[in-house]
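A.B. asks: Here it is: the structure, laid out below.
The values are calculated or read from the model by the stated rules, or taken from the named source; none is laboratory data. It should be emphasised that the depicted structure is a prediction, and the values quoted were computed from it without experimental measurement. Don't worry about glycine lacking a Cβ; one is built from the backbone with ideal geometry, like all the others, and counts go over all protein chains shown.
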Amino acid sequence: MTYLEKQSNPLDPVHFRGNLQADYLYTSGAAGDKFFKHIMENDSFLASECEECGTVFCPPRLYCEDCFVEIPDEKWKEVPAKGTVRLFTTAMLNTFGEPLEVPKIIGLIDIEGTDSSMLGILKTKDQKQDLTGITVEAVFRPTQEREGTLKDILYFNESG
Amino acid sequence: MRNVSVIGGGMSLFRRRLKETGKELSFLASKMAMEEAGVQRSDIDMVVMGSAPDAFDGIHMKGENLLDGAGGKDKPYVRVFNGGGTGVFAPIAGWWHVASGVADMVMVVCEEKMGSCNPHPQTAFRNIWDPILDRPLNPNLVWLFAMEMNRYMTRYDIKKEDIARVAVKNKRNAVGHPCAQLPDANITVEDVLNSEMMAWPVNRLDISPPSDGASALIYCSEEKAKEFTDDPINVAGVGWNIDSSMWTNRDLYFPDYVANAAKMAYKMAGINDPRKEIDFAEPYDPFTYKELHHLEGLLLCDKGEAPILTREGVTERDGDLPVCPSGGLLGVGNPIAATMGQKVCELYWQLAGKAGKRQIPGDPQVGVGQAWGDIMQMGTVLVMRRG
Ligand SMILES: [Zn+2]
């Protein structure tokens, strides 16, 4: 069974060392542009509502993927940056399998007044086994430090 | 196989860097095609996405990322790509969905967001080479195509100014295109020859620009098309072919792979004499000389004859064989896969009499579109005909 063999020295065969250069400037998009400009100056979110089916998207989208219609400006609205935890996990290891100094809780938050959930880092008041259903509120960076990216939301804090 | 008709096309703006995400560009082009066809997302059975390497947009598996903007949610959906050949290959894949009887109506969406790749999409092209036999010398595509262009010019004793005429024609043709990135009504041969020398004999204006953009096309069975039109426009033939990756061992003066793809498409279309039976062409023109190379590959003239036809005005919009009436990649822009807009949607718009300021005179009946990609390897060809 060859797959049980120990790996040989990768430098033994004649080889050429290379890397795939990949630097990117991603645009936030027509809808993202408005959303991220908004959170640079406000502690709330923008959402957009499909005129046909009534689905409220947060972060807002330019179009409804089901009805395939563009969402006009007048169907945009401001919503509070808070919601209810729907799913979560507590990560003990990072992507490379190394232990995290402080375990990281990440979850999906149903954003109030919308039909959408956002991925966020969660902070709770005390250690709990089950965070499902707790209400949380976004904690933003200080206004002057915001850059118009998802990282302007530091985490979602358990409210109350 | 069933006859397949085209009932609508759409294109976003083509620009060096657009604010919209790839999904949003896909949505805008798709919506336009659906409005032209007069159909809803619910009418579409399946969606085919064409988009070239993930490295441009910077999203691995970008087909999945783009799907909601392409109307693909909850539908059979597939992304196809073969580099620069994708702009004609994606509509070929869409065609076989309907021709086979698997689907009645299919939308083909093509997208590329090259502006994400920073500082220039050429950084992504650096990684298409064999990592052992080519990459240690840091080749880039401009150098490669300069060698191919030089070979073509030397083989037939072609003058650079006859090649430069392609840029002049296409950038002037693009003036009538609402999506065009580099139209120029006043450009001259001297402007092209005097533009910056990038790698001899390639000047800057010999090359199409990198672009963000999307395009879309809607197919249905010919039978279903009768619900929408009395004068259906049909896909008459398709062909695709690829040459060896050992490009160093090939003579680059003639694109055999394009000729092989063209023969396959012409056979399916029942075309015996392409020069007589084809009214206009949209060959792939990322570089000036490529239009000429591809016209010869498409068997629309003798080897080495395309520059002469160009000089004599035969390939102008009002000439005997209009070539790139859309304005091509040189004039409208080159968001790789999304050039389906010039190479295939344009065939539809010209045949349906919907090309506006770009309309070819004389009621064209048959057009051929072609794309080209990889390391001078891939030829993809589609023939369209009034039903
Ligand atoms: Zn909707």
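A.B. asks: Tell me, which residue of segment A:105-123 that is over 14 Å from the mean Cα position of the chain (by Cα) and surrounded by fewer than 21 Cβ atoms within 10 Å (Cβ to Cβ) is nearest to A:THR90 (Cα to Cα)?
C.D. replies: A:LYS123
A.B. asks: I've got another one for you. Can you tell me which residue within segment A:128-148, out of those that are within 15 Å of the chain's Cα centre (by Cα) and of a type in the set (A, V, I, L, M, F, W, C), is surrounded by the most Cβ atoms within 10 Å (Cβ to Cβ)?
C.D. replies: Among residues in segment A:128-148 that are within 15 Å of the chain's Cα centre (by Cα) and of a type in the set (A, V, I, L, M, F, W, C), the one surrounded by the most Cβ atoms within 10 Å (Cβ to Cβ) is A:VAL136.
A.B. asks: Follow-up question, since we're still on this one. Does B:SER5 fit the bill of being among the small types (Gly, Ala, Ser), within 12 Å of another protein chain (Cβ to nearest Cβ) and crowded, with 24+ Cβ neighbours inside 10 Å?
C.D. replies: Numbers: among the small types (Gly, Ala, Ser): yes; within 12 Å of another protein chain (Cβ to nearest Cβ): no; crowded, with 24+ Cβ neighbours inside 10 Å: yes.
No: the conditions fail for B:SER5.
A.B. asks: Could you please let me know if A:ALA47 is within 16 Å of the ligand (Cβ to nearest atom) and within 30 Å of A:GLY160 (Cβ to Cβ)?
C.D. replies: yes
A.B. asks: OK, next. Quick one: would you say B:VAL258 is in contact (Cβ under 8 Å) with a residue 60 or more places away in the chain, surrounded by 15 or more Cβ atoms within 10 Å (Cβ to Cβ), in contact with a His (Cβ under 7 Å, 6 or more places away or on another chain) and of a type in the set (A, V, I, L, M, F, W, C)?
C.D. replies: When the stated conditions are applied, B:VAL258 passes them.
A.B. asks: Taking segment B:368-386 as the search range and keeping residues that are outside any loop (DSSP other than H, G, I, E, B), out of contact with any Asp or Glu (no Cβ under 6 Å at 6 or more places or on another chain) and of a type outside the set (A, V, I, L, M), which one is surrounded by the fewest Cβ atoms within 10 Å (Cβ to Cβ)?
C.D. replies: B:ARG386
A.B. asks: Here is a follow-up. Mind telling me which of the residues B:GLY58, B:GLY69, B:GLY22 ends up being closer than 22 Å to A:LEU25 by Cβ and surrounded by fewer than 20 Cβ atoms within 10 Å (Cβ to Cβ)?
C.D. replies: B:GLY58
A.B. asks: Tell me the helices (runs of 4 or more DSSP H) entirely within segment B:125-227 that contain at least 1 residues that are modelled with pLDDT of 95 or more, farther than 30 Å from B:SER30 by Cα and under 23 Å from the mean Cα position of the chain (by Cα).
C.D. replies: In segment B:125-227, the matching helices (runs of 4 or more DSSP H) lie at B:141-156, B:160-173, B:189-194.
A.B. asks: Still on this model: If a residue has to be within 13 Å of the ligand (Cβ to nearest atom), surrounded by 15 or more Cβ atoms within 10 Å (Cβ to Cβ) and assigned to a loop (DSSP other than H, G, I, E, B) to count, how many in segment A:61-84 make the cut?
C.D. replies: 9
A.B. asks: Only one of these is crowded, with 24+ Cβ neighbours inside 10 Å, more than 14 Å from chain A (Cβ to nearest Cβ) and within 22 Å of B:GLY327 (Cβ to Cβ): B:ALA33, B:ALA52. Name it.
C.D. replies: B:ALA52
A.B. asks: Name the residues in segment A:50-60 that are more than 9 Å from the ligand (Cβ to nearest atom) and assigned to a loop (DSSP other than H, G, I, E, B), would you?
C.D. replies: A:CYS58, A:PRO59, A:PRO60
A.B. asks: For segment B:118-140, check the following and say yes or no: at least one residue is within 14 Å of chain A (Cβ to nearest Cβ), of a type in the set (Phe, Trp, Tyr) and over 21 Å from B:TRP247 (Cβ atoms).
C.D. replies: For segment B:118-140, residues within 14 Å of chain A (Cβ to nearest Cβ), of a type in the set (Phe, Trp, Tyr) and over 21 Å from B:TRP247 (Cβ atoms): absent.
A.B. asks: If you take the residues of segment A:33-44 that are under 16 Å from the mean Cα position of the chain (by Cα) and either modelled with pLDDT under 95 or under 16 Å from A:THR114 (Cβ atoms) (or both), which of them is nearest to the ligand (Cβ to nearest atom)?
C.D. replies: Here the residue is A:PHE35.
A.B. asks: Would you please list the contacts, defined by Cβ atoms under 7 Å and residues six or more apart or on different chains, that run from a residue in segment B:183-206 that is buried (at least 17 other Cβ atoms within 10 Å of the Cβ) to a residue that is part of a loop (DSSP other than H, G, I, E, B)?
C.D. replies: From residues that are buried (at least 17 other Cβ atoms within 10 Å of the Cβ), the pairs are B:PRO183/B:HIS177; B:PRO183/B:GLY327; B:ASN203/B:SER195; B:ASN203/B:GLU196; B:LEU205/B:SER195.
A.B. asks: Do we find that A:GLY18 is out of contact with any helix residue (DSSP H, G or I) (no Cβ under 8 Å at 6 or more places or on another chain), free of Cβ contacts under 8 Å to residues at least 40 places away in the same chain and either within 14 Å of chain B (Cβ to nearest Cβ) or not in a loop (DSSP other than H, G, I, E, B) (or both) in this structure?
C.D. replies: It is false that A:GLY18 is out of contact with any helix residue (DSSP H, G or I) (no Cβ under 8 Å at 6 or more places or on another chain), free of Cβ contacts under 8 Å to residues at least 40 places away in the same chain and either within 14 Å of chain B (Cβ to nearest Cβ) or not in a loop (DSSP other than H, G, I, E, B) (or both).
A.B. asks: If only one of A:THR90, A:THR95 is away from every other protein chain (no Cβ under 14 Å) and closer than 30 Å to B:PRO131 by Cβ, which one is it? Give the derivation first.
C.D. replies: Details: A:THR90 fails: closer than 30 Å to B:PRO131 by Cβ.
Exactly one residue qualifies, and that residue is A:THR95.
A.B. asks: Oh, and also: Just one of B:MET114, B:MET149, B:MET107 is more than 14 Å from chain A (Cβ to nearest Cβ), surrounded by 13 or more Cβ atoms within 10 Å (Cβ to Cβ) and among the aliphatic types (A, V, I, L, M); which is it?
C.D. replies: Numbers: B:MET114 fails: more than 14 Å from chain A (Cβ to nearest Cβ); B:MET107 fails: more than 14 Å from chain A (Cβ to nearest Cβ).
So the residue among B:MET114, B:MET149, B:MET107 that is more than 14 Å from chain A (Cβ to nearest Cβ), surrounded by 13 or more Cβ atoms within 10 Å (Cβ to Cβ) and among the aliphatic types (A, V, I, L, M) is B:MET149.
A.B. asks: Being closer than 13 Å to B:PHE280 by Cβ, in contact (Cβ under 8 Å) with a residue 40 or more places away in the chain and charged (D, E, K, R) is the filter here; which residues of segment B:337-381 pass it?
C.D. replies: Passing the criteria: B:LYS343, B:GLU346, B:ARG358.
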